[in-house]
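The values are calculated or read from the model by the stated rules, or taken from the named source; none is laboratory data. What you see is a predicted model, and the numbers here were worked out from it, not measured in a lab. Here the Cβ positions follow ideal geometry from the backbone for every residue, glycine too, while neighbour counts run over all protein chains shown. Ligands, DNA and RNA are excluded from the accessible area calculation, which covers all protein heavy atoms including side chains. Shrake-Rupley method; radii C 1.70, N 1.55, O 1.52, S 1.80 Å.
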Amino acid sequence: MDLDTLLSFSWHAMVPEFIILGTATLLSLLDLFLPRSFHRKWLGWLGVGSIIAALIFLLTLIGDTPFAILYDTFRLDSFAIAFKLVLLVAAGFVLLLAISYEPKEKLTEFRGEFFYLFLVALLGAMIMSSSADLITLFVGLELMTLSSYILVGIRKKHLPSNESAMKYVINGGIATAITLFGMSYLYGIAGTTNILEMAGRLQELTNTQHLFLLALAFLMILVGLSFKIAAAPFHMWTPDVYEGAPIPVTAFLSIISKAAGFILIIRMFITVFYHIPDVSNNSSLLMALQNFLAVLAAVTMIWGNLVALRQTKIKRMLAYSSIAHAGYLLVAVTAFSAFMVETIWFYLTAYLFMTIAVFSLLQLMNIEELKQLSGLSKRAPLLAVALALTMLGLAGIPGTSGFIGKLNIFLGALSTEPTHYLLAVILIATTVISYIYYFKLIVYAFFREANHTFQMSGKKLNGVIISICVMMTILLGVFPQLAYDFLHQNFLSFYDFLQ
Amino acid sequence: MGFPFILSIIVFAPLLGLLLLTLVAKTKEKTIKTVAILSTLPSLFLSIYLIISSKMGVELVSYSGKLSWMQFGNPEVFGKLYSIDYELGVDGFSLTLLLLTALLSTLAAFASFQIKAGWKGYYMLFLLLEVGMLGVFAAENLVLFFIFFEVTLVATFFLIGKWGLYEKERTAFSLLIYNGIGSAILLVVIMVLFAKTGTANIEALMSILSADDGTVFSPKVKTGLLLALFIAFGIKLPIWPFHSWMVKVHSEAPAAIVMLHAGVLLKIGAYGLIHFGLGFFPNQFQSLTLWLGILGVINLLYGAFLALSQKELRKILAYSSISHMGIVLIGLAALNEAGIQGAMFQVVSHGLIAALFFYLIGIFYERYQSSSMDDLNGLAKTMPIASGFLLVAGLASLGLPGMSGFVAEFLAFLGLFQEWPVLAVIACLGIILTAVYILRAVLGITFGQQEKAKRVRDMTPLEIWPAIILLLCIVGIGVYPDIISSTLKSIIIGLGG
């Protein structure tokens with residue numbers, strides 16, 4: 001590749017990534033050379049600034065016709081832009097959480113790393129949402145995963161943190177290996193790593209033997225990614241890792257990591273597997289394998305919600321709740337309705353704000369056990385109201401964005417042919433079960449008397465984050481059309497996937 | 001159709017009060033109570049205005065309207081399919097219930113003066129509950145209906161869990177789970193209808209479903225959907241055997257909330273059965289009437305028998321509510337004009353009577369810290385006015401001619417005798433039992449021997465007027481039923497009764 005070809009690419013498509021990459025590099029250098037006395041939280045603010053800059057630049061890219069650079073490995077289509085928006089907003093909030101993070105055991109030594117590793121992980125997720133090649137997909141995935149391993153274990157002297165990092169590395173390693181193995185089948189059959197080209201070649205397959213191998217590849221990739229999105233029965237790492245990791249990292253895992261998993265799943269499914277014809281019954285391979293997805297979704301919803309009932313620690317409960325939410329999202333993927341991408345985008349956005357609000361609340365209140373919530377409404381009524389609204393949102397009560405998101409998924413499951421009645425009923429039934437544990441938090445906060453003294457960290461920043469997120473949850477619940485109009489006007493129906 | 005201004009104001013006026021309350025300091029008891037009561041008034045006056053203008057000949061349709069709200073799927077690709085609008089509108093039946101809700105809310109806000117602590121939170125939730133109840137009856141759209149339905153559930157959960165009596169947390173959870181299951185089933189029905197027809201507008205659905213000859217839904221699916229609706233609204237009504245949560249709520253919730261719960265919230269079940277069950281699936285409804293009748297008789301007798309053996313006034317009234325809701329069911333089972341009208345009358349009449357009862361219980365509880373028959377013995381000596389009201393409420397409840405209860409029971413039984421005479425004969429037993437348990441309770445309380453001589457104040461003049469208003473309504477409907485029957489008639493013809 002000579003310089004001319006290099007310059008001929010329209011690099012502006014990658015500017016958001018470059019901004020993040022540049023800032024991450026800059027932060028690592030600054031962290032190295034700045035004196036100890038310099039408070040590292042300013043590095044965090046620099047990171048937030050870079051995310052805002054990337055966000056603004058990304059917004060200017062909306063409306064371009066989709067195009068690819070670097071020999072079709074990096075695509076900028078409406079799907080990529082829409083999901084990068086979610087990733088960037090989520091990462092901005094996570095960084096804000098990280099700035100106000102003050103653990104008991106003082107995180108001074110690695111404060112700099114803390115910030116730029118988040119940026120690097122974000123970069124990985126962004127590359128995943130834009131890549132049209134198995135190689136870049138995988139590189140993005142690994143970039144994100146490797147950084148999050150370190151992030152989970154960043155409290156070096158904290159035992160649970162170390163344990164959870166170890167568990168995460170082992171589980172994540174296995175997941176990656178399985179995903180990669182599945183991808184290797186795809187490459188072996190199609191002879192190319194570019195997923196658009198691959199889709200074209202696989203459409204012409206007639207050999208049923210190959211079809212069998214492709215189904216195997218599908219299942220392996222699905223299993224590998226199930227680890228990432230924390231779908232049962234591949235969720236075992238989730239509660240431990242969520243509990244041991246620092247709160248900003250937990251927030252990162254439950255939003256960005258999960259979103260990235262879904263981004264990868266959707267891109268692979270829509271471009272590759274949906275277009276592979278299933279010779280036996282004239283539909284696509286994806287449709288033939290839909291039942292596997294349905295079972296995965298059902299098991300995830302049931303398991304996540306049932307086990308969450310028994311938790312006494314808030315973070316573990318939230319871990320199972322995040323598993324349950326992965327199940328709801330999988331219902332949308334299974335149904336594969338005409339507005340699936342839109343549904344998932346909205347749900348992830350809604351989920352982002354609710355989750356950030358919860359973790360910010362936890363960070364502010366400095367508590368771990370459910371019991372410690374008692375008497376919150378007397379001690380800090382506004383926080384109690386924010387907690388209640390967030391819980392109502394996660395439970396999917398009307399008036400919050402969680403309800404609209406679930407309604408959308410539900411509609412998707414019922415409006416397709418064949419109709420997924422059973423899955424829809426499980427979705428609703430498990431939602432009712434989830435009322436019990438979400439409302440339990442509310443009961444502690446409002447109905448019980450305090451049995452201990454609160455030690456609030458008293459950070460103003462947390463308060464700001466909470467109020468923004470709660471307001472967004474209500475706003476999207478009452479005026480969901482704001483989000484839908486934005487999608488409809490700018491991204492049509494994500495039809496430019498294959499252009 | 002433009003924006004439904006009047007109905008929107010009716011529904012959301014209490015919300016404005018809620019927002020105002022956030023600005024009031026929580027120690028200012030008087031201001032909070034004044035603001036709360038004042039903010040229930042606009043809905044009341046405007047719904048009275050609507051009733052009067054409909055009597056003057058203004059078409060109710062002219063008040064309905066809509067605003068586009070939410071659209072799933074890009075309209076450029078899918079057209080207007082799967083759009084959910086903000087649509088409000090009323091017919092005779094829902095307007096009557098709207099007025100009932102607004103009236104009872106004002107009175108219950110007044111009755112809530114007995115709440116001892118946390119007025120600000122209480123009244124904010126109270127107003128939220130009112131918004132939900134009003135919205136349920138004004139919604140012209142199933143999704144909107146569901147949203148308001150859930151708002152009432154969340155608000156009652158908090159009101160009971162925080163301000164209830166001894167077993168408040170368990171009661172709140174039992175309410176949440178039972179009703180959560182009910183609304184989940186309801187949501188399934190709503191979304192199936194929405195997904196398969198592409199609209200959630202109630203009128204549009206009625207016309208689609210009545211013209212449907214099996215292409216949209218096969219008759220079997222329709223029966224299934226109707227059964228699901230029965231369960232969903234049956235939990236709310238409640239139909240035996242889904243009643244246990246409701247007895248708990250009656251005995252543990254603060255009296256003012258039970259006024260609304262028994263007076264309005266349970267009526268949502270009946271409203272849903274009539275409006276959606278009968279409105280959407282008239283043919284399937286027809287084939288299920290016998291079962292409905294049997295369930296109605298079970299409700300009637302089961303409630304009456306259990307009421308007979310209770311010692312706690314709240315529990316007696318809880319079982320009496322179950323028994324009286326049986327009359328709604330048998331009215332619907334008759335499925336003729338008299339029957340349906342009886343069911344509707346019973347909904348309104350029982351709402352008023354139950355509210356009066358629980359208004360009185362709130363007053364007793366404030367003075368005696370109990371509502372058990374033993375503690376209230378000999379009430380006629382200590383509180384002559386209150387025991388007078390109790391007696392009148394009891395007479396209204398057992399269906400004394402000249403009171404609203406009589407009209408409702410008479411019509412429902414008239415209808416049932418025409419269609420299912422055998423059932424009607426068995427059901428008549430319920431009337432006798434009702435008289436027995438009501439008189440046992442009321443007479444026991446008023447004339448019993450007073451063991452603990454406790455001196456208490458009788459009702460103050462300020463406390464009397466809500467009871468008088470309720471009584472006037474009860475007697476008014478009893479003496480001149482045409483006040484509401486003319487409003488109800490149009491809808492009955494529409495339902496093919």
Query raised in the report: Here are B:F410, B:F364, B:F417: which of them is of a type outside the set (G, A, S), more than 21 Å from B:I327 (Cβ to Cβ) and in the same structural domain as B:A318 (by TED's automatic domain parsing)?
Result: B:F364
Query raised in the report: For region B:185-286, list the helices (runs of 4 or more DSSP H) that sit wholly inside it and hold at least 1 residues that are closer than 30 Å to B:F113 by Cα and either assigned by TED's automatic domain parsing to the domain that holds B:I115 or at pLDDT 85 or above (or both); which are they?
Result: B:219-236, B:244-252, B:255-260, B:266-272
Query - Residues of region B:311-353 that turn out to be closer than 20 Å to B:G263 by Cβ and not in a helix (DSSP H, G or I), as a count - result: 1
Query raised in the report: Can you name every residue in region A:288-304 that is within 23 Å of A:A199 (Cβ to Cβ) and surrounded by fewer than 17 Cβ atoms within 10 Å (Cβ to Cβ)?
Result: A:N291, A:F292
Query raised in the report: Could you say whether any residue in region B:289-309 is without any contact (Cβ under 8 Å) to a residue 24 or more places away in the chain, among the aliphatic types (A, V, I, L, M) and part of a helix (DSSP H, G or I)?
Result: yes
Report task. Kindly establish whether B:L46 is in a helix (DSSP H, G or I) and either buried (at least 18 other Cβ atoms within 10 Å of the Cβ) or touching a residue at least 24 places away in the same chain (Cβ under 8 Å) (or both). Result -> yes
Query raised in the report: Here are A:V385, A:V425, A:V358: which of them is open to solvent by 10 Å² or more (accessible area, probe 1.4 Å) and closer than 30 Å to A:L96 by Cβ?
Result: A:V385
Report task. Look at B:L313 and say whether it is within 26 Å of B:T106 (Cα to Cα) and modelled with pLDDT of 90 or more. Result -> no
Report task. Scan region A:186-198 and give yes if some residue there is part of a loop (DSSP other than H, G, I, E, B) and open to solvent by less than 10 Å² (accessible area, probe 1.4 Å), otherwise no. Result -> no
Query raised in the report: If you scan region A:199-210, which residues turn out to be under 26 Å from A:D72 (Cα atoms) and either modelled with pLDDT of 80 or more or open to solvent by 50 Å² or more (accessible area, probe 1.4 Å) (or both)?
Result: A:A199, A:G200, A:R201, A:L202, A:Q203, A:E204, A:H210
Query raised in the report: So which helices (runs of 4 or more DSSP H) stay within region A:217-310 end to end and still have 3 or more residues that are farther than 16 Å from A:F336 by Cα and in contact with a Leu (Cβ under 9 Å, 6 or more places away or on another chain)?
Result: A:237-244, A:247-252, A:258-271, A:290-308
Report task. Run A:C469 past the list (1) modelled with pLDDT under 90; (2) more than 11 Å from every other protein chain (Cβ to nearest Cβ) and report the number of the one that doesn't hold. Result -> (1)
Query - Failed criterion for B:A204 (all others in (1) more than 14 Å from chain A (Cβ to nearest Cβ); (2) of a type outside the set (D, E); (3) in contact with a Pro (Cβ under 9 Å, 6 or more places away or on another chain) hold) - result: (3)
Query raised in the report: Being polar (S, T, N, Q) and open to solvent by 20 Å² or more (accessible area, probe 1.4 Å), is that true of even one residue in region B:432-441?
Result: no
Report summary line: So the helices (runs of 4 or more DSSP H) completely within region B:50-167 holding 1 or more residues that are touching a Lys or Arg at 6+ places or on another chain (Cβ under 7 Å) and open to solvent by 10 Å² or more (accessible area, probe 1.4 Å) are B:119-138
Query raised in the report: Just to be sure, is A:F353 in the same structural domain as A:G477 (by TED's automatic domain parsing), open to solvent by 10 Å² or more (accessible area, probe 1.4 Å) and out of contact with any Pro (no Cβ under 6 Å at 6 or more places or on another chain)?
Result: yes
Requested in this report: Report, by residue number, each residue of region A:24-52 that is within 27 Å of A:D72 (Cβ to Cβ) and more than 22 Å from the chain's Cα centre (by Cα).
Outcome: A:T25
Report task. Could you identify the single residue in B:A304, B:A334, B:A338 that is surrounded by fewer than 24 Cβ atoms within 10 Å (Cβ to Cβ), within 20 Å of B:S404 (Cβ to Cβ) and not assigned by TED's automatic domain parsing to the domain that holds B:G135? Result -> B:A338
Report task. Kindly indicate whether A:F339 is touching a Pro at 6+ places or on another chain (Cβ under 9 Å), of a type in the set (F, W, Y), in contact (Cβ under 8 Å) with a residue 60 or more places away in the chain and open to solvent by less than 10 Å² (accessible area, probe 1.4 Å). Result -> no
Report task. Residues being out of contact with any Pro (no Cβ under 8 Å at 6 or more places or on another chain), facing another protein chain (nearest Cβ under 8 Å) and touching a residue at least 12 places away in the same chain (Cβ under 8 Å): count how many of those fall in region A:378-410. Result -> 6
Requested in this report: Only residues that are facing chain B (nearest Cβ under 9 Å) and touching a residue at least 60 places away in the same chain (Cβ under 8 Å): list them for region A:417-430, please.
Outcome: A:A424
Query raised in the report: Looking at A:H325, is it more than 19 Å from A:L414 (Cβ to Cβ) and either more than 22 Å from the chain's Cα centre (by Cα) or open to solvent by 20 Å² or more (accessible area, probe 1.4 Å) (or both)?
Result: no
Query raised in the report: So which of A:L475, A:L414, A:L407, A:L461 is in the same structural domain as A:G393 (by TED's automatic domain parsing), open to solvent by less than 10 Å² (accessible area, probe 1.4 Å) and either touching a His at 6+ places or on another chain (Cβ under 6 Å) or within 23 Å of A:L352 (Cα to Cα) (or both)?
Result: A:L407
Query raised in the report: When residues of region B:359-417 are filtered for being in contact with an Asp or Glu (Cβ under 6 Å, 6 or more places away or on another chain) and either closer than 27 Å to B:L292 by Cα or part of a strand (DSSP E or B) (or both), how many remain?
Result: 2
